[in-house]
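Every read-out reported here was derived from the displayed coordinates using simple, explicitly stated rules and does not represent laboratory data. Owing to the predicted nature of the structure, the values given are computational and were not obtained by experimental measurement. Neighbour counts run over all protein chains shown; Cβ positions are idealised from the backbone, glycine included.
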Amino acid sequence: MNLTKLAAAAATLSCMALAPALAQDKPVELKLAHWVPASHPLHKAMEDWGAAVNKASGGSITFKVYPAQQLGKAFDHYDMARDGIADVTYVNPGYQPGRFPVIAAGELPFLMKDAKGGSEALDDWYRKYAAAEMKDVKYCLAFVHDPSSFHSRTKKILVPDDIKGMKIRPPHATFANLVTSLGGTNIQSSAPEVRDVLEKGVADAVAFPWGSLVLFGADKVTKYHMDAPLYVTTFVWVINKDKYASLSDNQKKAVDANCNTDAAGKVGGPWGEFERAGVAKVKANPEAELYTITPEQLALWRKAAEPLEAKWGEGVKKNGVDPATAMSGLKESLKKFNAAN
C-alpha cells in the first residue's frame, strides 16, 4: 500500500473513531428563565447566550427562553434553577437578604462607574467565592447594570436627610439597609411590580436604572429624578446542577465556554448602554424634573453609605470569609477592568 492510500485509510479510521463520540451528544433543550419583559435587553442577552452555546455544541444544545416570570416569580429564580423548574435562570441575589452575603459587596454604593467593566470585574472576583456561596447550583456568570439613583413621585431627594419618613422601594438588601439607617421605610417589590407600588402610593420613590424605569412604565408615575451614580445591582446566571451533569463532555465544554468573564461583559455592556439611553428618554418628558446634586451633597451621600461596608463585613464573616481580603480583591478587580468609581 502506497503512502497516499495509507493516509486515506488513516483518515477514514479517524472519522470512524470520532463518529461514536459525536453520536453520544444527544439533543438537549435548555429552559432559560427570567423575570423581565421580552423587550428588555436581558431577554436578547439570554437568546444570544443560548445561540452561542448552540453553536459551540455543534447544534446538539437548543434552548427556549421564558421571559416575564412565566415559570416563577422574580424572587424565586435561584431556587427554580436549584429545583430544576428551569435549567438556566437570571437571579438578583439581593432580593433575598442575607442569603448571598459575599456577592453583596457589589451592591455597596460608589464602587463601580460602568456596567461593562463592572460586570467583568465582579465576575472575575466572585468566581473565587461562587462555588461555596451558591453551592446548590452551577454558577455561570455575574454582571451589573449601569449606576443609577432615586426616582420620586413626591419630592426631590437631594441629601440623605430627605429620606426620613419616606417609603422607598430599594433594589436590593444593601440599599434597603441604607434607607433604614436614614429613617426611611422599605417597600419590597420585584422590578415588574415597581410601577404598581408607586402608582398606588405604596411607595414614594424607587431606586432604579434609567432605561428600565421607562421600560417598566415607572417613569409615568414618578416626577423627580436624581442624576447621580449612587449604586448598581448585582445579578447572576446559574444552572441546574443535574442538567449540567447530564451533558456530554463536549456539551459541558460548550456551556463552560460561555460561562466566563468575557461572557459577563457581553451581558453587562449592552445592558449598560440601554440604561444610559434611558436618561434622554426621561428628559424628553416635559413633566419630568431631572436634577443633579452638588459635590457637597454627593459627599453627604458617601458619608451616609460608609457604615454599609462594615455591615456587609459582618455578614461575610458568618460564611467564613475575611471581609478585608474579599473587599481588597474586589477593588483590585475593579482597577484591572478600569471600572472603579
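What percent of all Cα-Cα pairs in the range 192-240 falls into each 5 Å bin, going from 0 up to the bin containing the maximum distance?
5, 18, 28, 20, 15, 7, 5, 2, 0
So how strong a dipole does the chain carry about its Cα centre when Lys and Arg Cβ are +1 and Asp and Glu Cβ are -1, to the nearest 20 debye?
Dipole size: approximately 180 debye.
Reachable aspartates and glutamates from K331, Cα under 17 Å, same-chain residues fewer than 8 places away excluded?
E107, D114, E120, D123, D124, E306, E309, D322
Pairs of alpha-carbon atoms within less than 8 angstrom and 6+ residues apart define the contacts here; what relative contact order does the chain have, in percent?
25 percent
For D262 and A310, compute 0.36 nm times the residue count separating them, minus their Cα-Cα distance, and round to one decimal in nm.
The D262-A310 span can extend by a further 14.2 nm.
What is the calculated FRET efficiency for S181 to K26, with r their C-beta to C-beta distance and R₀ = 56 Å, to the nearest 0.05?
Here the calculated transfer efficiency is 0.55.
Using the structure shown, list the pairs from K283/K336; K64/K220; K73/K135 with a Cα-Cα distance above 23 Å, or answer none.
Correct reply: K283/K336; K64/K220.
Using label points projected 7 Å from each Cα along Cα→Cβ, tell me how many nm separate A38 and K135, to one decimal.
Each label point is offset 7 Å from its Cα along the Cβ direction, giving 4.0 nm.
With the dipole of the range 131-254 worked out from charges on the C-beta (+1 for Lys and Arg, -1 for Asp and Glu) around the Cα centre, which of L213, F150, L182 lies farthest toward the positive end?
L213
Taking the Cα centre of the chain as the origin and placing charges on Cβ (Lys, Arg +1; Asp, Glu -1), which of F274, L308, G201 is farthest toward the positive end of the dipole?
Result: F274.
Would you list the membrane-span-like helices of the chain, meaning whole DSSP H runs whose alpha-carbon atoms span at least 15 Å along their axis and whose mean Kyte-Doolittle value is at least -0.5?
3-23, 41-56, 261-283, 323-336
Report the extension gain between K113 and K155 in nm, rounded to one decimal, defined as 0.36 nm multiplied by the number of residues separating them, less their alpha carbon distance.
In short, 12.5 nm is gained.
At 0.36 nm per residue, and after removing the present C-alpha to C-alpha distance, how many nm does the segment from K281 to Q297 gain when stretched out fully?
Result: 3.2 nm gained on full extension.
Can you put S119, S39 in order, fewest other beta carbons within 10 Å first?
In increasing order of surrounding Cβ atoms, one gets S39, S119.
Using 7 Å Cα-to-Cβ label points, what is the K317/A245 separation (nm, one decimal)?
3.6 nm
Over the range 97-210, what is the mean sequence separation of C-alpha contacts under 8 Å (at least six apart), divided by residue count, expressed as relative contact order in percent?
Reported as a whole number, the value is 28 percent.
Using only the Cα atoms of the range 241-319, build the gyration tensor, take square roots of its eigenvalues as a ≥ b ≥ c, and label the shape rounded, prolate or oblate: rounded if a/c is under 1.5, else prolate if a/b is larger than b/c, else oblate.
On the way: a/c = 3.89, a/b = 1.53, b/c = 2.55.
Since a/c reaches 1.5 but b/c is at least a/b, the shape of the range 241-319 is classed as oblate.
Can you classify the range 11-159 as rounded, prolate or oblate using the Cα gyration tensor, where a ≥ b ≥ c are the square roots of its eigenvalues, rounded means a/c under 1.5, and otherwise it's prolate if a/b beats b/c and oblate if not?
Prolate, because a/c is 1.5 or more and a/b exceeds b/c.
Given the rule -39500 (n - 2.57) for each run of at least 4 DSSP H residues, summed and divided by the residues of the chain, what is its mean residue ellipticity at 222 nm, to the nearest 500 deg cm²/dmol? Can you show the working numbers first?
Numbers: 13 runs with 155 residues, N = 341.
So the helix-based figure for the chain works out to -14000 deg cm²/dmol.
Distance in nm between label sites at K200 and F75, each 7 Å beyond Cα in the beta-carbon direction?
1.4 nm
Among M134, M166, which comes first, second and so on when ranked by fewest other beta-carbon atoms within 10 Å?
Values: M134 24, M166 20.
So the residues, fewest neighbours to most, are M166, M134.
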